[in-house]
Amino acid sequence: MSTKEFRDGDRVRLDVMRITHYKDYDRFIPAYRKFVEQSEGKIYTVRKEGRLYTFEELRKMRYSWLFWPEDLILVEKGGQT
């Protein structure tokens, strides 16, 4: 169970280094790997999906990737209380 929690609206970055160093990263689908690798330094608005998180910016995209809280880095609190 994660101790990291985010609220809808918080601004986060992907922990690209952590994700790309998973031992099975090379088995992840290419579209996911491409998204992760192109996300270096980008800031996203988080939205909770069950125990995982996605990004508001992905709503209009074909894929809405899900991330574990440990794979996110808080940049700015912006979540609703």
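Read-outs: derived from the displayed coordinates by stated rules, not from any lab. Small disclaimer: the values here were computed from a predicted structure and weren't measured. Glycine gets a Cβ as well: all are built from the backbone with ideal geometry, and neighbour counts include every protein chain shown.
Residues in the stretch 2-25 that are in contact with a helix residue (DSSP H, G or I) (Cβ under 8 Å, 6 or more places away or on another chain) and acidic (Asp, Glu): Glu5, Asp15. Within the stretch 8-56, being within 13 Å of Leu74 (Cβ to Cβ) and of a type in the set (Lys, Arg) holds for Arg11, Arg13. Scanning the stretch 1-29 for residues that are within 13 Å of the chain's Cα centre (by Cα), surrounded by fewer than 12 Cβ atoms within 10 Å (Cβ to Cβ) and in a loop (DSSP other than H, G, I, E, B) returns a single hit, Glu5. Can you tell which of Tyr53, Tyr63, Tyr32 is aromatic (Phe, Trp, Tyr), without any contact (Cβ under 8 Å) to a residue 60 or more places away in the chain, touching a helix residue (DSSP H, G or I) at 6+ places or on another chain (Cβ under 7 Å) and not in a strand (DSSP E or B)? After ruling out the rest, the residue left standing is Tyr63.
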